[in-house]
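> A single structure is presented below for examination.
The values are calculated or read from the model by the stated rules, or taken from the named source; none is laboratory data. These figures come from a predicted structure and were not determined experimentally. Positions of Cβ are generated from backbone atoms using ideal geometry, with glycine treated the same way; all protein chains shown enter the neighbour counts. Accessible surface areas use protein heavy atoms only, side chains included; no ligands, DNA or RNA. Shrake-Rupley method; radii C 1.70, N 1.55, O 1.52, S 1.80 Å.
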Amino acid sequence: MEKVVGEKVTDEAVRARFDEEVAKIEPQKEVSARHILVEDEAKAKELIEELKGGADFAELAAANSTDPGSASRGGDLGFFGPGQMVPEFEEAAMALEPGSFTEEPVQSQFGYHIIRVDEVRDSPMPTFEEVSDRIRQLMMREAFVEELESLKENAQIEKHIPQQQ
């Protein structure tokens, strides 16, 4: 089995499979965003007015956001793509242009968000080095199963049942 599988799963075959799979991947839009999370809509609207007046988003987030994980980083959430945030937040963030912020508070189960998008990009494709071991394992499994199926199809099995006395 090692010989049969080894002949099918060469370095060249793994590279070809990687190229084939990457070609099928549709890049997804990701955004790098910041947010300020507050408990009530009135506070959110007050902060939006401050932003419109030129206040620094990161400073307002650090001073006002109830999200302790991002407040200490000026509201920075890093990059995220579809399905990684609650729907209301994601929809609002994906609709913004880089450098802009929501001019109305975005309500979610966590409270009211003010969202600013810093950057928009296509999600990075995995590199060959990152995924080659997984591809090789998958191909080895597939080759193994294929060989077993072939052996089953072409085998002539005789059953000898001993006679009881």
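> Collect the residues in the stretch 101-154 that are assigned to a loop (DSSP other than H, G, I, E, B) and either of a type in the set (Ser, Thr, Tyr) or open to solvent by less than 60 Å² (accessible area, probe 1.4 Å) (or both), keeping them in residue-number order. Please lay out each step first, then the result.
Restricting attention to the stretch 101-154, the residues satisfying the condition of being assigned to a loop (DSSP other than H, G, I, E, B) are 102-105, 109-110, 123-127.
Listed by number, the residues that qualify are 102, 105, 123, 126, 127.
> Kindly indicate which of 34, 17 is of a type in the set (Lys, Arg), farther than 20 Å from residue 89 by Cα and in contact with a helix residue (DSSP H, G or I) (Cβ under 7 Å, 6 or more places away or on another chain).
Working: 34 fails: farther than 20 Å from residue 89 by Cα.
17 is the lone residue from the list that is of a type in the set (Lys, Arg), farther than 20 Å from residue 89 by Cα and in contact with a helix residue (DSSP H, G or I) (Cβ under 7 Å, 6 or more places away or on another chain).
> Go through the stretch 35-62 and report how many residues are surrounded by 13 or more Cβ atoms within 10 Å (Cβ to Cβ), in a helix (DSSP H, G or I) and among the aliphatic types (A, V, I, L, M).
So the count comes out to 8.
> Mind telling me which of the residues 11, 67, 76 ends up being closer than 30 Å to residue 149 by Cα, among the charged types (D, E, K, R) and under 29 Å from the mean Cα position of the chain (by Cα)?
11 is the lone residue from the list that is closer than 30 Å to residue 149 by Cα, among the charged types (D, E, K, R) and under 29 Å from the mean Cα position of the chain (by Cα).
> Find all pairs meeting these conditions: Cβ atoms under 7 angstrom apart; at least six residues apart or on different chains; first residue within the stretch 110-124 and free of Cβ contacts under 8 Å to residues at least 40 places away in the same chain; second residue part of a loop (DSSP other than H, G, I, E, B) and open to solvent by less than 40 Å² (accessible area, probe 1.4 Å).
none
> For residues that are surrounded by fewer than 19 Cβ atoms within 10 Å (Cβ to Cβ) and either of a type in the set (Lys, Arg) or more than 20 Å from residue 122 (Cβ to Cβ) (or both), tally how many sit in the stretch 21-34.
First, the residues of the stretch 21-34 that are surrounded by fewer than 19 Cβ atoms within 10 Å (Cβ to Cβ): 21-29, 32.
Still in the running and either of a type in the set (Lys, Arg) or more than 20 Å from residue 122 (Cβ to Cβ) (or both): 24, 29.
Count: 2.
> I've got another one for you. Filter the stretch 16-34 down to the residues that are touching a residue at least 24 places away in the same chain (Cβ under 8 Å) and assigned to a helix (DSSP H, G or I) and list them by number.
Let us first name the residues in the stretch 16-34 that are touching a residue at least 24 places away in the same chain (Cβ under 8 Å), namely 17-18, 21-22, 25, 27-34.
Once the filter is applied, which keeps residues that are touching a residue at least 24 places away in the same chain (Cβ under 8 Å) and assigned to a helix (DSSP H, G or I), the stretch 16-34 yields 17, 18, 21, 22.
> Looking at the stretch 137-158, I want the residues that are within 19 Å of residue 11 (Cβ to Cβ) and in contact (Cβ under 8 Å) with a residue 60 or more places away in the chain and have a partner that is open to solvent by 100 Å² or more (accessible area, probe 1.4 Å) and not hydrophobic (A, V, I, L, M, F, W, C) with Cβ atoms under 9 Å, at least 6 apart or on another chain. Which pairs are those?
So the pair list comes out as 143/7.
> In the set 62, 13, 92, 44, which member is closer than 30 Å to residue 142 by Cβ and touching a residue at least 12 places away in the same chain (Cβ under 8 Å)? Full working, then the answer.
Values: 62 fails: closer than 30 Å to residue 142 by Cβ; 92 fails: closer than 30 Å to residue 142 by Cβ; 44 fails: closer than 30 Å to residue 142 by Cβ.
After applying the criteria, what remains is 13.
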